[in-house]
Amino acid sequence: MGLFGSSTIATLTADVDVTDGLSAMAEVKIKRWIYGRLQKTGAYTRGAMKYQIKPRKAGTKKSRTVTITPIPGDYPPHWTHVNYNPINCLVQKNGPVLNLKTNRPVPRAIAERARQAVAARRVGQGVGQPPRRGASDKLRRGIIFITDMTNQSVAIGPWPFPAQPSMNRKTVPSLLNQGGIEIIAGKKAHYGPRPYVETVLNIGYYALRHEILTTQLHN
């Protein structure tokens, strides 16, 4: 469990009885068969977990447009065209924030307020659904499975991010899955749950059962 971080793994157990009294060779064959079933189940369930994490929504032009009213200090001292009327700002996915009327970049202070306003609209979106992919797709790419033959189980889940903000107790994958209040960079933030681990348990159990019932143990 420590490999993944707390509460970010789906664990499936084969629970196949290896009867005492078998020859050493027969016991090895049975254990290999169990290992194979767990490996296939782990690979299938990992794929199901990854599949839930969809690409980011691009967002429409309307959803990325906000009206910002400039305030004293928003314009740099050298700015020649100072206008304190409301500005319709387009927050592009990539590139500067534009004034829709002039199609030119707005001052940095106004651009930052526009980005914050668009981000505030998205707070709470997708809560209760699996998370969307980030720019680097770390969560989805980091999902692995590990087979443990000591208890005939396979665990599926994401590695903690190799680099993440300074947090109080949770990893980013765990925080996404469970939600909660976290201290990030010294500030308290509340995140709604976006489950993607428990949602594949039934799929995994079905896959494991199918493997056990349909795959023969060859002599």
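The values are calculated or read from the model by the stated rules, or taken from the named source; none is laboratory data. All values derive from a computational prediction rather than experimental measurement. Glycine also receives a Cβ, built like all others from the backbone with ideal geometry; neighbour counts cover every protein chain displayed.
If you go through region 102-113 one residue at a time, how many are of a type in the set (Lys, Arg) and either surrounded by 15 or more Cβ atoms within 10 Å (Cβ to Cβ) or under 30 Å from Tyr191 (Cβ atoms) (or both)?
Our first condition is that a residue be of a type in the set (Lys, Arg); within region 102-113, this holds for 104, 108, 113.
Filter once more, so that each one left must be either surrounded by 15 or more Cβ atoms within 10 Å (Cβ to Cβ) or under 30 Å from Tyr191 (Cβ atoms) (or both): 108, 113.
So the count comes out to 2.
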### Query
Scanning for something of a type in the set (Val, Ile, Thr), surrounded by fewer than 19 Cβ atoms within 10 Å (Cβ to Cβ) and more than 30 Å from Glu211 (Cβ to Cβ), does region 84-101 turn up at least one residue?
no
### Query
Wholly within region 138-219, which strands (runs of 3 or more DSSP E) include no fewer than the required count, namely at least 2 residues that are free of Cβ contacts under 8 Å to residues at least 60 places away in the same chain and touching a strand residue (DSSP E or B) at 6+ places or on another chain (Cβ under 9 Å)?
180-184, 187-191
### Query
Within the set of pairs 6+ apart or on separate chains, which have a first residue in region 26-45 that is assigned by TED's automatic domain parsing to the domain that holds Asp148, a second that is surrounded by 18 or more Cβ atoms within 10 Å (Cβ to Cβ) and aromatic (Phe, Trp, Tyr), and C-beta atoms under 9 Å apart?
Leu38/Phe145; Gln39/Phe145; Thr41/Phe145; Gly42/Phe145; Ala43/Phe145; Thr45/Phe145
### Task
Run His81 past the list (1) in contact with an Asp or Glu (Cβ under 8 Å, 6 or more places away or on another chain); (2) surrounded by fewer than 17 Cβ atoms within 10 Å (Cβ to Cβ) and report the number of the one that doesn't hold.
(1)
### Message
Tell me whether region 114-137 contains one or more residues that are crowded, with 19+ Cβ neighbours inside 10 Å and over 30 Å from Gly204 (Cα atoms).
### Response
yes
### Task
Quick one: in region 41-68, of everything that is more than 23 Å from the chain's Cα centre (by Cα) and outside any loop (DSSP other than H, G, I, E, B), which residue is surrounded by the most Cβ atoms within 10 Å (Cβ to Cβ)?
Ile68
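Just checking, which of Ser136, Ser153, Ser166 is of a type in the set (Gly, Ala, Ser), farther than 30 Å from Thr80 by Cβ and at pLDDT 90 or above?
Working: Ser136 fails: at pLDDT 90 or above; Ser166 fails: at pLDDT 90 or above.
Checking each option against the conditions leaves just Ser153.
Quick check, is Ala24 exposed (fewer than 15 other Cβ atoms within 10 Å of the Cβ), closer than 23 Å to Ser136 by Cα and either modelled with pLDDT of 90 or more or not basic (Lys, Arg) (or both)? Please lay out each step first, then the result.
Details: exposed (fewer than 15 other Cβ atoms within 10 Å of the Cβ): yes; closer than 23 Å to Ser136 by Cα: no; either modelled with pLDDT of 90 or more or not basic (Lys, Arg) (or both): yes.
Criteria not met by Ala24.
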### Message
Contact list please: Cβ distance under 7 Å, first residue in region 90-116 and more than 13 Å from Ile68 (Cα to Cα), second residue β-branched (Val, Ile, Thr), pairs at least six apart or on different chains.
### Response
Pro105/Val97
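How about region 99-131: which of its residues are of a type in the set (Lys, Arg) and modelled with pLDDT under 90?
The first filter runs over region 99-131 and keeps only residues of a type in the set (Lys, Arg), leaving 101, 104, 108, 113, 115, 121-122.
Once the filter is applied, which keeps residues that are of a type in the set (Lys, Arg) and modelled with pLDDT under 90, region 99-131 yields Arg115, Arg121, Arg122.
Tell me whether region 105-125 contains one or more residues that are outside any helix (DSSP H, G or I), in contact with a Cys (Cβ under 7 Å, 6 or more places away or on another chain) and either among the aliphatic types (A, V, I, L, M) or not assigned by TED's automatic domain parsing to the domain that holds Gly204 (or both).
Within region 105-125, the subset outside any helix (DSSP H, G or I) is 105-107, 123-125.
From the residues that got through so far, the ones that are in contact with a Cys (Cβ under 7 Å, 6 or more places away or on another chain) too are 106.
Narrowing further to those that are either among the aliphatic types (A, V, I, L, M) or not assigned by TED's automatic domain parsing to the domain that holds Gly204 (or both): 106.
Yes - at least one qualifying residue is present in region 105-125.
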### Query
Is it the case that Ile71 is on the phi < 0 side of the Ramachandran plot, modelled with pLDDT of 90 or more, aliphatic (A, V, I, L, M) and in a loop (DSSP other than H, G, I, E, B)?
yes
### Summary
Checked against (1) at pLDDT below 90; (2) under 10 Å from the mean Cα position of the chain (by Cα), Phe161 satisfies every condition except (2)
